[in-house]
Amino acid sequence: FASAGWGFRERLQRGRQYVDQATIARDTALTAIGVARQSDSDIFTASGEVLAAYLSTRFDRPASGLTHNGISALLTEADISSGLVQEVDALLNLTQEGRYGPTQSGENSEPILDQTERIIDELEWEFEQ
């Protein structure tokens, strides 16, 4: 009985840790988006870093090891819809182009941050399904 009780307790703790980790990932990402909106920081960098940090926390993997193909593979394995996987990849490409491209315009900051927030919300919804 003690062994069965201990196993149940361990499964319960892992479940709570997963829920806590998911909540932390989303809350941290939304807070970072709010800070990016208020600051003078580069929105392409902010958007890319927020999305990478969110996915890193959500998948419990270091952000430095996540490539675009790796992210797509992890999202596919997590049963995220192919359309949303493509949106994540497109946003990551957009943020990379914005960071390293020849011109950057502050005019587009709100839509990119809005898109990042929307994608995170959609990912959360699909993760919970």
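A few points about this structure:
- Across region 44-64, the qualifying residues are those that are β-branched (V, I, T) and either open to solvent by 60 Å² or more (accessible area, probe 1.4 Å) or modelled with pLDDT of 90 or more (or both), and the one among them that is farthest from the chain's Cα centre (by Cα) is T45.
- Test: Q17 is open to solvent by 30 Å² or more (accessible area, probe 1.4 Å), part of a helix (DSSP H, G or I) and modelled with pLDDT of 85 or more: no
- Residue among V50, V85, V35 that alone is in contact (Cβ under 8 Å) with a residue 40 or more places away in the chain and β-branched (V, I, T): V50
- Only one entry in V88, V35 is in a helix (DSSP H, G or I), surrounded by fewer than 17 Cβ atoms within 10 Å (Cβ to Cβ) and among the aliphatic types (A, V, I, L, M), namely V35.
- Flag for T67 being hydroxyl-bearing (S, T, Y), surrounded by fewer than 17 Cβ atoms within 10 Å (Cβ to Cβ) and within 18 Å of E117 (Cβ to Cβ): no
The values are calculated or read from the model by the stated rules, or taken from the named source; none is laboratory data. Keep in mind it's a predicted model, so treat the numbers as computed, not measured. Note that each Cβ is placed from the backbone with ideal geometry, even for glycine, and that neighbours are counted across all protein chains shown. Remember, those area values only see protein heavy atoms, side chains included, never the ligands or the DNA or RNA. Shrake-Rupley method; radii C 1.70, N 1.55, O 1.52, S 1.80 Å.
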